[in-house]
Structure formats: C-alpha cells, structure tokens
Amino acid sequence: MNEMLMQQIVERFSQKSGPEAGEIKVMQVPDFKTVYVEHIDGVGRSIVLSEYKVDGKKYWAGYSSNSATVFISLASRTGIYPSKI
C-alpha cells in the first residue's frame, strides 16, 4: 500500500464517503489508537498506524495485507472546548 493511496482513502473516510466497489475495506477503530491488533483465526497481528492530515484534522491509519483492510482512528478532537481560566 503506497502513501498516496492511503492518503486518498483517509480523505474519503473523513468526508464520510464509502469505498468504491472492488476497493479495499475500511474499518474505523477507537479514537486515539496508534496500534490496532487484528485477530484472524485466533491469531493476533499488530497493525501500526501512521499519521495523516485532512482539512486540519489528524487521523491514524494503517493497512493489513492479511485482510486487505485499512484501519483508521481519529487522532484529533473536534468541537469547541472552553479555555482554561
């Protein structure tokens, strides 16, 4: 999986548009994850996620060749938070 394709997949994910027919599966994992353990047939495999930026938001994403799946985690908070007084 090359970086350009990963960036495109993360961009589509951030825009809430699903993958096109025949494309790689995309699975959202809990926010702020940088490593995800994928379980296939009772065996766990660590997928290390890399940082991607889209429209000012950070995402962590990684690819598993075993399941042809991209795992994506939101890495930045959204919304407005009150400042400290």
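The figures follow:
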{"read-out": "Nonlocal amide H pairs with Ser76, under 5 Å, H built at 1.01 Å", "value": "Lys58"}
{"read-out": "³J(HN,Hα), Karplus 6.51/-1.76/1.60, whole Hz, each residue of the stretch 41-53, x for Gly, Pro", "value": "6, x, 10, x, 10, 7, 10, 7, 9, 10, 7, 9, 10"}
{"read-out": "Loop-resident sites, the stretch 26-76, for chymotrypsin sites (Phe, Trp or Tyr not before Pro), counting at most 16 other Cβ within 10 Å (DSSP)", "value": "Phe32"}
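Throughout, read-outs are computed from the coordinates displayed, never taken from laboratory work. Owing to the predicted nature of the structure, the values given are computational and were not obtained by experimental measurement. When we count neighbours, we look across all protein chains shown, and the Cβ atoms used for this are built from the backbone with ideal geometry, even at glycine.
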